[in-house]
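The values are calculated or read from the model by the stated rules, or taken from the named source; none is laboratory data. All of these numbers come straight from a predicted model, not from anything done at the bench. Every residue, glycine among them, receives a Cβ derived from its backbone with ideal geometry; neighbour counts consider all protein chains shown. Surface areas here come from the heavy atoms of the whole protein model, side chains and all, with no ligands, DNA or RNA. Shrake-Rupley method; radii C 1.70, N 1.55, O 1.52, S 1.80 Å.
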Amino acid sequence: MKFRLDINGLRALAVFTVVIFHFDPTWMQGGFVGVDVFFVISGFLMTKIIFDRLDKAQFSLLEFYLARAKRIIPALTIMLLVVTIYCWNVLYDVEFQKYLKHLFSSLLFYSNVVYWQEAGYFSASAHENYLLHTWSLSVEWQFYVVYPIFIAVLARLLTRTIIKILILLGALASFVLGVYATDIWPDPAYFSLPTRAWQMLAGAIVFLYPLPKRLQHSSMSLLGILLITFSAFAFSSDYGWPGVYAAVPIIGAMLVIANPQSASLRLFNLNAVENTGKWSYSIYLWHWPIVVFLHNQNFAVQWFHNVLGIVCSFILGFLSYKFIECSRLYYAKFAVFASTVLFANSISPFATGSDSSIRAKSADPSNQLIQKYSQDRNNAARSESRESCRLSVHLKSNDEYVLPEHCVSKNEGIRGVLIWGDSHAEAIAAGFESFLKARTSVDTVISSGCRPTVTQTVGNASKLRKACDLSNSLAKDIIAAKKPLSVVIAMKNKHEIVDWPGNIEFLKRNGVENIIVIGPTPQWYPTVPLVYVREGGQGEFLSDKKLDPGVLSTDRKMANTLASFDSVTYVSVIKELCVAEEDSRRCKVKFDDTLISYDYGHLSKPAATYLSEELLFDLFDYESISVSH
């Protein structure tokens, strides 16, 4: 196929946005749209290859699959082999067992299925998964397997016109499914082929429905680049993806590919852009393991670490392109693939936990602690749907929800306590909720990732956003109807962006006499247990090397913001737990021989109990709330 400078430039733009986003989302919060652009490119190229060869009566499924394998598998296999050797030597047992599961799924191109069953693409646990980025390769490979068979069969039965219409309808059906599924099954929607197929079929549409000549102008190409760039900066993980907003970068990519004038753009003719496009696949392969590597070291990742990581990604991308992708030694490439499969199989007993003696790292006593908290984490996830008060867990596709009975009190006449916030509010409430319920009426209004507010809304771009607005609406109704004497507000972070004057005015207007705002808890990434054992796994305190600095900033801002309001008490968890030293700080993380959190920062029950006893119990007027009607 003739080399296309515009498609190569589009690859460069796509990989650049993805790499920047992964190293630091604050630099480009919507950079994940680069993957969507890659999908459009793949759909266009595959459709062109298939139809061109069908027209010449030269299409062969076997040749098509071999060509795709030669393109994808060798560089992927080398990356997997290197990362596996590294992980063999450094990961704890629980981590390595999970890694092997990801390795096999990546080798056999079903890792997208594995990841949608484990956690979301944007979740805090992403920095524990060295092969998370292979999900997109799995989606593409699945498309490569199904699509040519579909086209080849239709070509024997139907005319080209009907096939074009069917592809158009298929893209529309997949788009509608993606929009619908994103709202109710966000993780499967993000990772699965049926909800992503429309993005690749969008590329097919570009080939099958050429842009009219009157529209073939450089301004159309610039508009396409602008749409992609806008998406990379304007959208974020808060938007449901691949929902309706995903159409913006997709249309942008379609405009660039469809317009022959795109190749003449000065941007795409720059040497740096041309080389980045050529190396884009290998850069993509190597950048994510570097991101995870950085976030699992015993230091706080700073901007210069990210810059160095980006440079290393480009260097490894270049080396992989030159010595693997451009190599003509096809048999050697597949020998490496076969060797990697055999190696993975040879250590597979470890994946089931049946044999851990073959790894030196397995002898580390820290494995037991990691195993314990991993199990706690899994148990919490399993019990979430049954017991959680999170409205986001119980929200159905028709926008209806039924919360567990213990969440909203039926004691209409008692002016008790409202607990309001996100999953972190639920975690800390575990330390004082039962104590309060023995004395008064308690309502718990919680939704994942939701900042409590009565004046701000987040819309319905995703299930979490929709649940958040419903949760805040429920809290508003409870406050207006029951007029609780006390309201306890807590959330993960970024408290300062909430409209506190609006919240406080509404609460006071409805008779709330005691407003308690709990500041952010200390949060370590990737997880508290991993950071703890990597710092030696001893004592009650942990350094701030992997502590999220954002929560420290939020704590300072909130103490100042709320100081001027009457009847408002700001509770600084960080001030209670963390001790400032010369140019650093250390924080208490052990409570009754249990770590503060089983993940990055949701409080464990002992930690919540400790903080409740030390900071919260004295803030309630139990005599008043137990008798007020």
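In region 155-182, the residue that is nearest to Val33 (Cα to Cα) out of those that are open to solvent by 70 Å² or more (accessible area, probe 1.4 Å) and basic (Lys, Arg) is Arg160. Selection of region 217-241 for residues being at pLDDT 90 or above and outside any helix (DSSP H, G or I) yields only Phe235. For region 514-523, the criterion of being over 26 Å from the mean Cα position of the chain (by Cα) and more than 14 Å from Pro452 (Cα to Cα) is met by at least one residue.
Checked against (1) part of a helix (DSSP H, G or I); (2) surrounded by fewer than 17 Cβ atoms within 10 Å (Cβ to Cβ); (3) not aromatic (Phe, Trp, Tyr), Pro210 passes all but a single condition, namely (1). Trp185 fulfils the conditions (1) open to solvent by 50 Å² or more (accessible area, probe 1.4 Å); (2) hydrophobic (A, V, I, L, M, F, W, C); (3) under 27 Å from the mean Cα position of the chain (by Cα); (4) more than 30 Å from Pro526 (Cβ to Cβ) except for a single criterion, (4). Take the conditions hydrophobic (A, V, I, L, M, F, W, C) and either farther than 29 Å from Asp52 by Cβ or free of Cβ contacts under 8 Å to residues at least 60 places away in the same chain (or both) and apply them to Phe175. Does it pass? Here the answer is no, as Phe175 does not meet what is asked. Contact map, region 368-388: residues that are closer than 15 Å to Asp599 by Cβ and β-branched (Val, Ile, Thr) paired with residues that are outside any helix (DSSP H, G or I) and modelled with pLDDT of 65 or more, Cβ distance under 8 Å, separation 6+ or inter-chain. Pairs shown: Ile370/Tyr92. Among the residues of region 188-205, those that are over 20 Å from Leu464 (Cα atoms) and open to solvent by 10 Å² or more (accessible area, probe 1.4 Å) comprise Leu193, Pro194, Ala197, Trp198, Leu201, Ile205. Looking only at residues that are hydrophobic (A, V, I, L, M, F, W, C) and within 14 Å of Phe3 (Cα to Cα) in region 252-267, which one is most open to solvent (accessible area, probe 1.4 Å)? Out of the qualifying residues, it is Ala263.
Checked against the criterion of being open to solvent by 30 Å² or more (accessible area, probe 1.4 Å), assigned to a helix (DSSP H, G or I) and in contact with a helix residue (DSSP H, G or I) (Cβ under 8 Å, 6 or more places away or on another chain), the candidates Ile41, Ile85, Ile78 yield just one match: Ile78. The conditions of being touching a residue at least 60 places away in the same chain (Cβ under 8 Å), crowded, with 17+ Cβ neighbours inside 10 Å, among the hydroxyl-bearing types (Ser, Thr, Tyr) and in a loop (DSSP other than H, G, I, E, B) are met by Tyr130. Residues in region 576-606 that are in a helix (DSSP H, G or I) and of a type in the set (D, E, K, R) were compared, and the one that is farthest from Gly431 (Cα to Cα) is Glu576. Scanning region 100-113 for residues that are open to solvent by 10 Å² or more (accessible area, probe 1.4 Å) and free of Cβ contacts under 8 Å to residues at least 40 places away in the same chain yields Leu108, Phe109, Tyr110. Among the residues of region 55-75, those that are assigned to a helix (DSSP H, G or I) and either open to solvent by 50 Å² or more (accessible area, probe 1.4 Å) or touching a strand residue (DSSP E or B) at 6+ places or on another chain (Cβ under 9 Å) (or both) comprise Asp55, Leu61, Leu62, Glu63, Tyr65, Leu66, Lys70, Arg71. The residues of region 591-604 that are in contact with a strand residue (DSSP E or B) (Cβ under 8 Å, 6 or more places away or on another chain) and of a type outside the set (Val, Ile, Thr), listed by number, are Ser597, Tyr600, Gly601, Leu603, Ser604. Residues that are closer than 30 Å to Val179 by Cα and surrounded by fewer than 23 Cβ atoms within 10 Å (Cβ to Cβ) within region 425-450 comprise Ser448, Gly449, listed in sequence order.
When region 478-494 is filtered for residues that are open to solvent by less than 50 Å² (accessible area, probe 1.4 Å) and either more than 18 Å from Thr554 (Cβ to Cβ) or modelled with pLDDT under 95 (or both), the ones remaining, listed by number, are Ile478, Ile479, Ala480, Lys482, Pro484, Leu485, Ser486, Val487, Asn493. Out of curiosity, is Trp135 of a type in the set (Phe, Trp, Tyr), open to solvent by less than 10 Å² (accessible area, probe 1.4 Å) and modelled with pLDDT of 90 or more? Spelling it out, Trp135 is indeed of a type in the set (Phe, Trp, Tyr), open to solvent by less than 10 Å² (accessible area, probe 1.4 Å) and modelled with pLDDT of 90 or more. Inside region 416-433, residues that are in a helix (DSSP H, G or I) and closer than 17 Å to Glu614 by Cβ make up a count of 4.
Checking each residue in region 441-470 for being over 26 Å from Ser553 (Cβ atoms) and not in a strand (DSSP E or B) picks out Ser441, Gly459, Asn460, Ala461, Ser462, Lys463, Lys466, Ala467, Asp469, Leu470. Does any residue of region 336-346 turn out to be at pLDDT 90 or above and either surrounded by fewer than 19 Cβ atoms within 10 Å (Cβ to Cβ) or touching a helix residue (DSSP H, G or I) at 6+ places or on another chain (Cβ under 8 Å) (or both)? No, region 336-346 has no match at all.
It is to be established whether one or more residues within region 93-116 are part of a helix (DSSP H, G or I), over 23 Å from the mean Cα position of the chain (by Cα) and over 23 Å from Ser280 (Cβ atoms). Scanning region 93-116 turns up at least one residue that is part of a helix (DSSP H, G or I), over 23 Å from the mean Cα position of the chain (by Cα) and over 23 Å from Ser280 (Cβ atoms). Looking at region 287-311 only, could you name the residues that are assigned to a helix (DSSP H, G or I) and either in contact with a Cys (Cβ under 8 Å, 6 or more places away or on another chain) or closer than 24 Å to Tyr532 by Cα (or both)? Answer for region 287-311, where residues must be assigned to a helix (DSSP H, G or I) and either in contact with a Cys (Cβ under 8 Å, 6 or more places away or on another chain) or closer than 24 Å to Tyr532 by Cα (or both): Trp288, Pro289, Ile290, Val291, Val292, Phe293, Leu294, His295, Trp303, His305, Asn306.
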